[in-house]
Amino acid sequence: MDLTTRPDAPELIDIWQEALEAVLDLCTDLDEAQWRSWTPCPGWTVADIVAHIIDIEQFLLGTPRPDHEPAWERLPHATSDIGRLTEVGVDFRRGHTRETVLAELETVIPARRAQLEAVPEGGEVPSPLGRPSTVDRVLRTRIFDTWIHEHDIRSAISHDGGWGTRPAIITFQQISAGVPVMWAKRAAAPIGSTVAVHVTGPFISGTIHATVNAESRGELVPDASEPTVDVTLSWPDLMRLSTGRIDPDDPAVRRRLTLTGDPQLVDAFLHGMVLTP
């Protein structure tokens, strides 16, 4: 699968399952210390991330959410409405064993797959926000979210890898599609300005070009010969910047990037890259 391939629904279902099974495989042999180790997600351990993945997939399957009220005073990271909604299914499972949680994940995968495969061509499915959406859109979002969380787990247990898988390619496509928003809306770049984002690997490499059109909207373009801002970075740094896992003001991060163009626009773009809630 190359970077420009747009998989159809059956292949997206396979890639979605691949993403979930990667998490399952990664966690199967963890010891208790690794299972309870902290991840880049504030307030969440590896166990919490797996609980979150299960909770979302069960919600999309139509499983009733746990009747549970967390002790919010012990969860200062859960401040927004979305954060509190998300936390319910996570906190509910905090007393469960690793074997119980992984068994839940193993059970929900085939049930969700059967649900997805039963959707007629062009049909819609529930989205995490509760509104119906296309299978393509929902699965791309779920693959993105699950693959990012795989790397949260990898970070917590110091187990690098998985940068060139099919879920990684879908995630790169999702981030690429978000660059026009980062540039036009978040960075408030002027009409006619362009950004070039050069990704150097490993496994995934290429250049993403975006501009701001006459309606002040961002759009992808095939090329930008003299970009207003030019950014060169690795694939891991692109992923981590666009998901808020690293700080663009961290001097160590800045030293890894090659940045040219108007300094204010460079800063605005780097600070506007986060796509996740």
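The values are calculated or read from the model by the stated rules, or taken from the named source; none is laboratory data. Just so it is clear, the model here is predicted, and its values are computed rather than measured. No Cβ is skipped: glycine too gets one built from the backbone with ideal geometry, and neighbour counts run over all protein chains shown.
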- prompt: Which members of the range 182-215 meet the condition of being among the aliphatic types (A, V, I, L, M) and either over 16 Å from Leu275 (Cα atoms) or in contact with a strand residue (DSSP E or B) (Cβ under 6 Å, 6 or more places away or on another chain) (or both)?
  reply: Ala184, Ala189, Ile191, Val195, Ala196, Val197, Val199, Ile204, Ile208, Ala210, Val212, Ala214
- prompt: Which residues, taken from the range 252-277, are in a loop (DSSP other than H, G, I, E, B) and among the basic types (Lys, Arg)?
  reply: none
- request: Could you tell me which of the residues Ser193, Ser234, Ser176 is closer than 25 Å to Trp38 by Cα and surrounded by 14 or more Cβ atoms within 10 Å (Cβ to Cβ)?
  value: Ser234
message: Given the criteria among the polar types (S, T, N, Q) and under 17 Å from Gln174 (Cβ atoms), does Thr258 qualify?
response: no
Count of residues meeting criterion [within 30 Å of Asp152 (Cα to Cα) and aliphatic (A, V, I, L, M)] in the range 211-239: 6
- prompt: Checking Gly95 against (1) closer than 18 Å to Ala47 by Cα; (2) outside any helix (DSSP H, G or I); (3) at pLDDT 95 or above, which test does it fail?
  reply: (3)
message: Residues to consider are Ala210, Ala156; find the one that is assigned by TED's automatic domain parsing to the domain that holds Leu105 and among the hydrophobic types (A, V, I, L, M, F, W, C).
response: Ala156
task: Report yes if some residue within the range 243-254 is in contact (Cβ under 8 Å) with a residue 60 or more places away in the chain and not β-branched (Val, Ile, Thr); otherwise report no.
output: yes
- request: Output yes when any residue across the range 32-39 is acidic (Asp, Glu), loosely packed, with under 15 Cβ neighbours inside 10 Å and assigned by TED's automatic domain parsing to the domain that holds Pro128, and no when none is.
  value: yes
message: All but one of (1) more than 20 Å from the chain's Cα centre (by Cα); (2) crowded, with 16+ Cβ neighbours inside 10 Å; (3) among the polar types (S, T, N, Q); (4) under 27 Å from Ser155 (Cα atoms) hold for Ser242; state the number of the condition that does not hold.
response: (1)
statement: Of the residues in the range 255-277, those that are touching a residue at least 24 places away in the same chain (Cβ under 8 Å), out of contact with any strand residue (DSSP E or B) (no Cβ under 6 Å at 6 or more places or on another chain) and either over 23 Å from His209 (Cβ atoms) or exposed (fewer than 13 other Cβ atoms within 10 Å of the Cβ) (or both) come to Thr276, Pro277
message: Against the conditions (1) touching a Gly at 6+ places or on another chain (Cβ under 7 Å); (2) surrounded by fewer than 19 Cβ atoms within 10 Å (Cβ to Cβ), where does Pro10 fall short? Just the number, please.
response: (1)
- request: With respect to Arg137, determine if the residue is under 21 Å from Asp8 (Cα atoms) and surrounded by fewer than 22 Cβ atoms within 10 Å (Cβ to Cβ).
  value: yes
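Conditions (1) among the hydroxyl-bearing types (Ser, Thr, Tyr); (2) on the phi < 0 side of the Ramachandran plot; (3) in a helix (DSSP H, G or I); (4) assigned by TED's automatic domain parsing to the domain that holds Ile175, marked per residue:
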{"residue": "Leu85", "(1), (2), (3), (4)": "no, yes, yes, no"}
{"residue": "Leu102", "(1), (2), (3), (4)": "no, yes, yes, no"}
{"residue": "Glu106", "(1), (2), (3), (4)": "no, yes, yes, no"}
{"residue": "Arg112", "(1), (2), (3), (4)": "no, yes, yes, no"}
{"residue": "Gly122", "(1), (2), (3), (4)": "no, no, no, no"}
{"residue": "Val125", "(1), (2), (3), (4)": "no, yes, no, no"}
